[in-house]
1. Hey, can you tell me all the residues within region 32-77 that are of a type in the set (A, V, I, L, M, F, W, C) and at pLDDT below 90?
2. Out of (1) in contact (Cβ under 8 Å) with a residue 24 or more places away in the chain; (2) under 15 Å from the mean Cα position of the chain (by Cα); (3) surrounded by fewer than 18 Cβ atoms within 10 Å (Cβ to Cβ), the odd one out for GLN254 is which?
3. Could you grab the pairs with beta carbons closer than 6 Å, sequence gap of 6+ or different chains, first residue in region 270-295 and under 30 Å from PHE236 (Cβ atoms), second one among the β-branched types (Val, Ile, Thr) and surrounded by fewer than 19 Cβ atoms within 10 Å (Cβ to Cβ)?
4. In region 190-209, which residue that is among the aliphatic types (A, V, I, L, M), in a strand (DSSP E or B) and more than 9 Å from LEU173 (Cα to Cα) is modelled with the highest pLDDT?
5. Quick check on SER234: is it farther than 30 Å from SER108 by Cα and polar (S, T, N, Q)?
6. If you take the residues of region 104-132 that are in contact (Cβ under 8 Å) with a residue 12 or more places away in the chain and assigned to a loop (DSSP other than H, G, I, E, B), which of them is surrounded by the most Cβ atoms within 10 Å (Cβ to Cβ)?
7. Here is a list: VAL266, VAL230. Which entry is more than 14 Å from the chain's Cα centre (by Cα), crowded, with 17+ Cβ neighbours inside 10 Å and more than 20 Å from PRO180 (Cα to Cα)?
Amino acid sequence: MTALSRIYRAYPRSSRSLSAAVLLLLFAVSPLSLAQQAAPTPSPLFKRVIANQEQSEKLLDEYERVMRTEVRKPGGDPKNVDTKVWRVFPTGAGVDKIPFSLEEKPPSAEAYQRDLEKLENYLVWVAQDGAGQRDAYAKAEHKRKERFDLLEATYQAFIFTPDGQELREGRVLLRYTMTPNPKYKPTSRNATIFTRVRGTIWIDEQSSQLAKIDGTVTEDISLALFLAKVYKGSHFMQERYEVAPGVWEPSFEQYDFDGRKFFSSVSIHERNFYSGYKRVGPPRESIELVRAELSKVRTQASNH
C-alpha cells in the first residue's frame, strides 16, 4: 500500500481529496517528528509537545465545531471563492457534517431536523456493542495508528533549530526552523517527500503546545507511483489555539497546492476556519445532547 493510499484511508471520508491527502502527509512534519531533533533543541520540551499533540488529536473526537471552507475557484481571482459551512459532530468512529448557511445557521428547520434525526440514529447505533460497532471502532483506531506510524517515520528526517520568539495574544511562542536532515537516508520512495519540505513551527512556551506550522515544498513531489505530483512552491499552514482549558485544536488552515493528478493539472487553494468548539463527549454522552436539541426543534416546528 502506498503512502498516499494510507493517508487517503486515514482522512475523514467527508474530506477525502488529493489536497486533503497531501496536506495530511505534509503535516507529518509536525512536532510528532521531533523525537530525535538537533542538539540545540531541548528534548524534554519536545517530549511534552509530542504527548500534547497526540492527546489533542484524541480529544478532537469529543468536540463538535463549526467549519467554514473557502475554495478559490480557477482563474486566480481571490474574490472568486466558493464558501461552505458545516457543523462537524464527532460520532466516535468518525464525524458527521451537517450543512449550515453562510451565517453559520441551519438553512431550514425541516432539513435541520432531518439531519439531527440521522445523527441521532447513528449515535444510537454506534453506542451499542455489536460486531458492526466493534468493526467501525477498529477501523477508526487502525486509521489513527496508520497516521501515527507515518508521523514516526519522519523522526530522523528533519533538523529543528531555535529561531527566536514571538508574542501572540500575550503568550510567548518559541520559533524553530524546520530543514531536511542531510544525513537522513530515505528508506522508501515515499520517504523522499521529507527531503523536499522545509518551514517553521511555533510552540507555545507556557503549555508546550504546537501553536503554528508553516511549510513550503522545495522540490516537486511525486505521489502514488508517480500518478500524482505536487509542484515546487506549494504551501501549507495551520494555526492552533486553546479552545478549552488545556485543549488545543486547529483554528485556521490554508493550503495552496499546484500539481497534477493522473494527466490533469490540479490547482487547489483552500482555507479552513474552525470555531465554536464544544465538548459533546463520546456517543453515549453526546446522544443526550442531540436528543435535547432535536426535542426543541420539533417543538418549534409544531408551534408553527
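The values are calculated or read from the model by the stated rules, or taken from the named source; none is laboratory data. None of these values were measured; they are calculated from a predicted model. Note that each Cβ is placed from the backbone with ideal geometry, even for glycine, and that neighbours are counted across all protein chains shown.
1. Once the filter is applied, which keeps residues that are of a type in the set (A, V, I, L, M, F, W, C) and at pLDDT below 90, region 32-77 yields LEU32, LEU34, ALA35, ALA38, ALA39, LEU45, PHE46, VAL49, ILE50, ALA51.
2. That leaves (1) as the condition not met.
3. These pairs meet every condition: GLU270/VAL71; ASN272/THR69; SER275/VAL66; GLY276/VAL66.
4. Looking at residues that are among the aliphatic types (A, V, I, L, M), in a strand (DSSP E or B) and more than 9 Å from LEU173 (Cα to Cα), I get ILE201.
5. Details: farther than 30 Å from SER108 by Cα: yes; polar (S, T, N, Q): yes.
Yes, satisfied.
6. Here is the first cut: in region 104-132, the ones in contact (Cβ under 8 Å) with a residue 12 or more places away in the chain are 104, 109-113, 115-120, 122-124, 126-127.
Next, only the ones that are assigned to a loop (DSSP other than H, G, I, E, B) stay: 104, 127.
Working: GLU104: 14, ALA127: 16.
Only one residue tops the list, namely ALA127.
7. Details: VAL230 fails: more than 20 Å from PRO180 (Cα to Cα).
Result: VAL266 is the single residue among VAL266, VAL230 that is more than 14 Å from the chain's Cα centre (by Cα), crowded, with 17+ Cβ neighbours inside 10 Å and more than 20 Å from PRO180 (Cα to Cα).
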